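Some notes on the structure that comes next.
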Amino acid sequence: MTNRTISHIIEPNLVIEGAGVLLRRSFGPHVSNKFDPFLLFDHFAFNNPLEGPSRGFPTHPHRGIETVTYMLEGTVRHRDSLGNAGTIAEGDVQWMTSGRGILHEEMPRRSANGNIYGFQLWVNLPAAQKMSEPRYQEVTSGTIPEIQREGAVIRLMAGEVDGVRGPVTEISAAPLYMDVKLEPGTRFVYPIPSGHTALMYVFEGVGEFSGEVVESISMVVLNDDGDQIEVKSETGVRFMLMAGAPFKEPIVPYGPFVMNTREEIEQTLRDLRNGTFIK
Ligand code: FE2
């Protein structure tokens, strides 16, 4: 087994989305599709009560993607055009497959001590699935397996670790998505098939990733030159690990839509105008 080396480290940009929500964006959808099958990674952390109430993301559409919301602190209330409504609570994951179209609203709420802390990952859908039926997989915190191994605590959303499978299944990209916490003095090695895109979002502490020191908050992009990752930490570190096989299809993103061609984006906009976006 060989360690994958670091290609580069992204320092997330502060961006404003929705009705004025400040978040840290590591990357967003782009025709270059560099992180295929992943399209976007956002980190919301509103920890200053002086910012006032969180304004959230009022009703908006999605087509052609999956959005994965994982909350560590605070909650997100949601409502959608399929008639679903609920709350993503602390430690929960919501894996939403927009397929051909969904309209939804996502409203973050502060925890009792005033914080909101969570992540949203967008995963692409292959051309054959872009116009599929929309669906949700809601996973409550208690049903996410927590795997302990030699100083590492892994919360597994999707994929397989040591024979344990994450609760989110039947995702086209068959991604691995997990929250990894290393206690001080831990070495963590994990296989990632060569050919798969692999990213690590370091959000607490500091660690040595493939021999390079990386401090939070940073998105580590790995080269495809090995078949495992190695992370060591003297003082403890926590990161989200995502990996998956690229679809290698062209993409045309437009706001909350990611399709394969310009014509499909134009059709999406016509569907919205004509009221045929959702059935
Ligand atoms: Fe959304």
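The values are calculated or read from the model by the stated rules, or taken from the named source; none is laboratory data. Small disclaimer: the values here were computed from a predicted structure and weren't measured. Counting neighbours? That spans all protein chains shown, and the Cβs are built from the backbone with ideal geometry, glycine included. Areas reflect the complete protein model, heavy atoms only, side chains present, ligands, DNA and RNA absent. Shrake-Rupley method; radii C 1.70, N 1.55, O 1.52, S 1.80 Å.
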| query | Counting only residues that are in a loop (DSSP other than H, G, I, E, B) and small (Gly, Ala, Ser), which one in the stretch 218-270 is farthest from Met131 (Cα to Cα)? | reply | Gly236
| Quick one: is Ala174 under 16 Å from the mean Cα position of the chain (by Cα), over 17 Å from Lys232 (Cα atoms) and open to solvent by 30 Å² or more (accessible area, probe 1.4 Å)? | yes
| field | Selected residue (only one of Ser111, Ser98 is polar (S, T, N, Q) and in contact with a Gly (Cβ under 6 Å, 6 or more places away or on another chain)) | value | Ser111
| Members of the stretch 185-210 that are open to solvent by less than 10 Å² (accessible area, probe 1.4 Å), hydrophobic (A, V, I, L, M, F, W, C) and more than 16 Å from the chain's Cα centre (by Cα) | Phe188, Ile192, Phe209
| query | Within the stretch 145-196, can you find the residues that are closer than 25 Å to Gly207 by Cα and of a type in the set (Val, Ile, Thr)? | reply | Ile147, Val153, Ile154, Val161, Val180, Thr186, Val189, Ile192
| From the residues in the stretch 244-276 that are among the hydrophobic types (A, V, I, L, M, F, W, C), under 25 Å from Glu105 (Cβ atoms) and surrounded by 19 or more Cβ atoms within 10 Å (Cβ to Cβ), which one is farthest from the chain's Cα centre (by Cα)? | Ile265
| Can Arg79 be described as at pLDDT below 90 and within 19 Å of Glu17 (Cβ to Cβ)? | no
| task | Only residues that are on the phi > 0 side of the Ramachandran plot and buried (at least 16 other Cβ atoms within 10 Å of the Cβ): list them for the stretch 59-97, please. | result | Gly64, Gly74, Gly91
| remark: Within the stretch 98-116, of all residues that are open to solvent by 10 Å² or more (accessible area, probe 1.4 Å) and in contact with a Ser or Thr (Cβ under 8 Å, 6 or more places away or on another chain), the one farthest from the ligand (Cβ to nearest atom) is Ser111
| Under 7 Å by Cβ, and 6 or more places apart or on different chains, what pairs join a residue from the stretch 119-131 that is touching a residue at least 60 places away in the same chain (Cβ under 8 Å) with one that is part of a loop (DSSP other than H, G, I, E, B) and of a type in the set (Val, Ile, Thr)? | Val123/Ile171; Asn124/Ile251
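Would you mind stating whether Phe277 is in a loop (DSSP other than H, G, I, E, B), under 21 Å from Ser7 (Cα atoms) and in contact (Cβ under 8 Å) with a residue 40 or more places away in the chain?
Criteria not met by Phe277.
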